[in-house]
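The values are calculated or read from the model by the stated rules, or taken from the named source; none is laboratory data. It should be emphasised that the depicted structure is a prediction, and the values quoted were computed from it without experimental measurement. A quick note on method: Cβ atoms are made from the backbone with ideal geometry, for glycine too, and the neighbour counts reach across all protein chains shown.
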Amino acid sequence: MTEIFLYTLLITAMASFIGYELISKIPQTLHTPLMSGSNAISGITLIAGILIYPNVVDDILLKTIVLIGVSFATMNIVGGFSVTGRILEMFKKND
């Protein structure tokens, strides 16, 4: 259990650092296309979390981590589609 937690913590820390470094070096004009890719990755995270949750042993900590991951992935997907919808509204022709 402790080994799994340490691996999970290490992967989360590495992913956070790498993600921050990558996004901070991207020009503003490329953020919208990258949001679509982020939504796809969050979709994979959401599906994986939903599939993993029933198989997590009766460990409250691991279940909490999975639920937090599912929650963040869901927020990212909803927010990404919301922003993408607003951006697409800007390109509609006015009658």
Flag if Met35 is in contact with a helix residue (DSSP H, G or I) (Cβ under 8 Å, 6 or more places away or on another chain), modelled with pLDDT under 75 and surrounded by 12 or more Cβ atoms within 10 Å (Cβ to Cβ): yes
Whichever residue in segment 1-32 is surrounded by fewer than 10 Cβ atoms within 10 Å (Cβ to Cβ) and within 17 Å of the chain's Cα centre (by Cα) and, among such residues, is farthest from Val66 (Cα to Cα): Ser24
Close pairs (6 angstrom Cβ cut-off, 6 or more residues apart or separate chains): in contact (Cβ under 8 Å) with a residue 24 or more places away in the chain and surrounded by 10 or more Cβ atoms within 10 Å (Cβ to Cβ) in segment 47-62, among the β-branched types (Val, Ile, Thr) and not in a helix (DSSP H, G or I) anywhere: Leu62/Val56
